[in-house]
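The values are calculated or read from the model by the stated rules, or taken from the named source; none is laboratory data. Every value quoted in this text rests on a predicted model; they were computed, and no experiment measured them. A quick note on method: Cβ atoms are made from the backbone with ideal geometry, for glycine too, and the neighbour counts reach across all protein chains shown. Note: accessible area is taken over every heavy atom of the protein model, side chains too, but ligands, DNA and RNA are not part of it. Shrake-Rupley method; radii C 1.70, N 1.55, O 1.52, S 1.80 Å.
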Amino acid sequence: MPARGESMPGIARTALCTEARNGVLYVFMPPAPALEDYLEIVTAVEATAAALETPILMEGYPPPSDDRLASFTVTPDPGVIEVNIQPSRTWDDIVANTTTLYEEAHQTRLSTEKFMLDGRHTGTGGGNHFVLGGPTAGDSPFLRRPDLLRSLVAYWHNHPSLSYLFSGLFIGPTSQAPRVDEARHDSVYELEIAFNQLPRGSDAPPWLVDRVFRHLLVDVTGNTHRAEFSIDKLYAPETSSGRRGLVELRAFEMPPHARMSLAQQLLLRGLIGRFWTAPYMHPLTRWGTELHDRFMLPYFVELDFEDVLDEMRDHGQAFDSTWFAPHFEFRFPPAGEMAVRGITVALRQALEPWHVLGEEGATGGTARYVDSSLERLQVLATGLTPDRYLISCNQRTLPLQPTGRNGEYVAGVRYRAWQPPSALHPTIPVHSPLTFDIVDTWMGRSLGGCQYHVVHPGGRNYETFPINSYEAESRRLARFFKMGHTPGLFTVSAPERTREFPYTLDLRT
């Protein structure tokens, strides 16, 4: 028998602890086995605080997990504040929660956007991830209808614009939310086999969906969380917290305005409603290297997304393309435009996958850096006669591809924007400035051109970030000149097309 004042062996006794600090009573909550017990303690604490007329701040153990309890968390993350808001049952709840979140962030002087040193307008780098499911695992639509997850995965695969239009700058096979077919082309073949293992309708055990997709919806290292469709909380058998019937879509970055986020959520809800009544059963496309050739360019992303909206309208959902025009301008901002003799050349920022490099020695251990030194521009030319005129970049001919409209052509330019100490091909120098020429092949000279500078054209090194959008815009405008063509006779060369990337001129080659 234990002595007086001692506990029985193996029994841990809990207690509520209080401490007054700076006029506030801090209450350290003990762990509770059930939600009712926890709420009873909270009621007693609040009644005591009201009687003493003393403000309280509760800390300690959170309440036990319970499906009846809605909660939100605010967590510091590197560079951002992560907020996980409570689940929403209706569209009105989604609008209220999203609008309130943006407004509260603004009131506390937190921003959902930032400006880079060169003036580029980007997101904060934080995610705008959407978690879908039900109040309980048994209510989850993905466990009740296994073909719903199949429809979403297949549709996202066949429409790469959904993967790249709303994502952040860090994309590619080693990013936070890689596509299934990035880095492993055989995953498409394996995914088709997995689709055939899913029964149609609702006659399927809940564990089947998890087992079928768990080893396919992962990144290149097998991480189930770092994937475009994360199902680590769908129905994992290892822990009860992993069997919640939840699917997380991670290829979304925090947009700068609440209505932009609501437009994304409305599209997602529309797709789920559509696939619930009409499952998507089309075969998967083998994109190959075309994925990072065509769909890094804004023209093809916009073209593919228009197909998505057209299909939504065909299924009775009146989506308007103007709702997503801010997303396109924010994701692919214009870099400049010039015109010579009826030929217009417009430059836009395009996408560029970043790759994680090999391990290197660093202070305290090893590190793996990300090569963000490569950038890409889209060149869209209108009014061009290809039999006579060409467009070159740094005196190398662009592989212009016809868009289907008379006189309109598009191509991409991949270049090294800056030279970090560790990068792919570290001996290749910076290609700035980029000089674009409209070349008359009959005359053998440039009719006119423009210049795009990656940094300040005078070599100025910005030491501080832009203080507001006006300063950021001035930095962007200072990098583009509607002049600066290549003088003298021009040596005309054939367009540089490669088998892997026929739409892109890679200045590193």
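Full extension of the segment from TRP442 to ILE428, taken as 0.36 nm per residue of separation minus the current Cα-Cα distance, would add 1.7 nm. Using the Cβ-Cβ distance between LYS482 and LEU110 with R0 set to 25 Å, the FRET efficiency from 1/(1 + (r/R0)^6) comes to roughly 0.05.
Helical runs assigned H by DSSP (4 residues or longer) give the chain a calculated mean residue ellipticity at 222 nm of -8000 deg cm²/dmol, each run adding -39500 (n - 2.57) before division by the residue total. By accessible area, using a 1.4 Å probe on protein heavy atoms only, region 61-176 has 54% of its surface on carbon and sulfur. Compared with the dominant principal axis of the Cα atoms in the chain, helix 186-196 is inclined by about 50°.
What accessible area per residue, rounded to a whole number of Å², is obtained for the chain using a probe radius of 1.4 Å?
I get 52 Å² per residue for the chain.
Separation of region 146-180 from region 247-307 is 7 Å, based on Cα centroids.
Going by the alpha-carbon gyration tensor, a ≥ b ≥ c the square roots of its eigenvalues, is region 357-484 rounded (a/c under 1.5) or, if a/c is not under 1.5, prolate (a/b greater than b/c) versus oblate? Prolate, since a/c reaches 1.5 and a/b exceeds b/c.
Surface composition of region 358-507: carbon plus sulfur atoms contribute 53% of the solvent-accessible area (1.4 Å probe, protein chains only, all chains present).
In plain terms, the chain from GLU337 to LEU101 could stretch by 81.2 nm, reckoned as 0.36 nm per residue minus the Cα-Cα distance. Simple point charges give the picture: +1 on the Cβ of Lys and Arg, -1 on the Cβ of Asp and Glu, and for the chain a dipole about the Cα centre of about 1240 debye. Within the accessible area of region 286-328, the carbon and sulfur atoms contribute 52%, probe 1.4 Å, all protein chains present.
Among the trypsin sites (Lys or Arg not before Pro) in region 381-412, those located in a DSSP loop and surrounded by at most 11 other Cβ atoms within 10 Å of their own Cβ are ARG388, ARG405. Which of the three applies to region 67-196, rounded, prolate or oblate, going by the alpha-carbon gyration tensor with a ≥ b ≥ c and a/c under 1.5 meaning rounded? Oblate. Restricted to Cα atoms, the chain shows a radius of gyration and a Dmax of 27.6, 106 angstrom.
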